[in-house]
Amino acid sequence: MDWLTDNKIPIGRWSRDVVEWLIDNAAWFFDGLANALELMIDAFLWVLQTPHPLVIVGAFAGLAWLLRRSLSAVALTVACFLFIINQGYWEETTETLTLVLSACVVCMAVGVPVGIAAAHRPKLYAVLRPILDLMQTLPTFVYLIPAIVFFGIGMVPGLIATTIFVVPAPIRLTHLGISSTPKSLIEAGEAFGATGSQLLWKVELPYALPQIMAGLTQTIMLSLSMVVIAALVGADGLGVPVVRALNSVNTALGFEAGFVIVILAILLDRLFRAKDGA
């Protein structure tokens with residue numbers, strides 16, 4: 001088998017050359033992107049950390065009522081946040097929420113339009129499908145290397161790595177929702193003289209809305225799953241105490257931070273999942 005290994009395909013070298021070319025020729029783009037993402041992250045941090053924690057708890061309780069119309073959902077929201085405050089992880093929780101909210105904004109802003117375009121252009125989706133498979137199956141630690149090279153250390157590379165891993169979910173689910181719109185609805189809209197944009201906004205998107213919301217829920221859950229990995233590139237949040245506990249073999253710290261992440265995941269899932277699944 002030496003003949004096979006001696007003629008190794010230089011994937012690693014090609015990847016390195018691409019990264020070096022991007023550093024030399026697209027630094028202005030990455031700098032601008034980093035500045036824009038930092039502004040969004042700072043805005044979310046300001047909103048979540050400037051008021052008293054109980055004010056934020058009250059705001060989330062109001063959001064729970066608006067989304068669920070259920071006193072049990074409000075009680076669960078308040079109880080979860082009070083538990084987080086009791087454990088002393090409020091600041092880390094707001095930082096994790098900032099990462100999750102930022103990932104949702106970026107992923108949905110990219111995923112929904114791309115999913116719509118792919119649903120209307122089967123050839124485009126045929127090209128996208130292997131790329132999406134690669135993005136979801138490539139080990140997430142691999143994303144951290146170019147993220148550090150292009151964006152340094154901090155919240156931005158953590159957000160970039162999270163976005164690359166998460167964005168296939170809203171693309172796939174938006175594509176599924178739009179492409180599964182019954183032909184009878186499309187034909188009825190065309191019979192009434194609807195244009196392509198009117199069909200999209202008044203027929204396809206309303207029908208696909210449950211799938212798009214499922215994409216949002218998946219985005220939230222997958223973003224939370226990246227919290228600890230993002231901490232390895234300097235992203236603040238609940239992943240930091242988990243990494244610290246791992247390095248010091250601190251069981252108590254690890255279980256505390258891990259349990260807070262679980263509580264936050266359960267809360268966000270209950271708030272944003274489809275009502276018929278509640």
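Computed quantities for the displayed model
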item: Where the range 145-278 is the region considered: accessible area per residue in Å², 1.4 Å probe; result: 47 Å²
item: Dipole in debye (nearest 20) - the range 64-203, about Cα centre, beta carbon charges: Lys, Arg +1; Asp, Glu -1; result: 480 debye
item: Additional length obtainable on full extension of the chain from SER248 to GLN136, 0.36 nm per residue less Cα span; result: 37.2 nm
item: Top of VAL78, VAL112, VAL127 by mean-square fluctuation, Gaussian network on the chain, Cα under 10 Å; result: VAL127
item: In sequence order, calculated HN-Hα J values of the range 127-142 (Karplus, 6.51, -1.76, 1.60; Hz; x Gly/Pro); result: 6, 6, 4, x, 5, 5, 4, 5, 5, 8, 9, 5, x, 4, 5, 5
item: Over the chain: helical MRE at 222 nm, DSSP H runs n ≥ 4 each giving -39500 (n - 2.57), nearest 500; result: -26500 deg cm²/dmol
item: Signed unit charges on C-beta, dipole axis of the range 195-278, positive-most listed residue LEU246, GLY196, GLN211; result: GLY196
item: Loop-exposed trypsin sites (Lys or Arg not before Pro) per DSSP, neighbour cap 14 Cβ within 10 angstrom, longest uninterrupted part of the chain; result: 70-278
item: Solvent-accessible area, 1.4 Å probe, carbon plus sulfur percent, for the range 1-120; result: 69 percent
item: Integer Hz, Karplus 6.51/-1.76/1.60 couplings in order for the range 231-238, x for Gly and Pro; result: 5, 5, 10, x, 6, 6, x, 5
item: For the range 141-278, size of Cβ-based charge dipole, Lys and Arg +1, Asp and Glu -1, in debye; result: 80 debye
item: Two-site label geometry, VAL47 and VAL19: point separation in nm, points 7 Å out along Cα→Cβ; result: 3.4 nm
item: Under 14 Å, Cβ to Cβ, from ASN25 - net charge with Lys/Arg +1 and Asp/Glu -1; result: -4
item: Assigned charges on the beta-carbon of Lys, Arg, Asp, Glu; the chain dipole about Cα centre (debye); result: 860 debye
item: Karplus 3J(HN,Hα) series, Hz, for the range 48-56 with 6.51 cos²θ - 1.76 cosθ + 1.60 (x for Gly, Pro); result: 7, 9, 6, x, 4, x, 5, 5, 5
item: Charge sum, other residues only, whose C-beta stays under 13 Å from GLU95's C-beta, Lys/Arg counted +1 and Asp/Glu -1; result: -4
item: Cβ-defined net charge surrounding VAL227, 11 Å radius [Lys, Arg +1; Asp, Glu -1]; result: -3
item: Which of ILE145, ILE171 is most accessible, then next, and so on - probe 1.4 Å; result: ILE145, ILE171
item: Accessible surface of the range 121-257 [probe 1.4 Å, protein heavy atoms]: carbon and sulfur percent; result: 69 percent
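The values are calculated or read from the model by the stated rules, or taken from the named source; none is laboratory data. Just so we're clear, the structure is a prediction, and the values are computed from it rather than from any experiment. Reconstructed Cβ throughout: ideal geometry from the backbone, glycine too, with neighbour counts over all protein chains shown. To get the accessible areas, we keep the full protein, side chains included, count just its heavy atoms, and leave off ligands, DNA and RNA. Shrake-Rupley method; radii C 1.70, N 1.55, O 1.52, S 1.80 Å.
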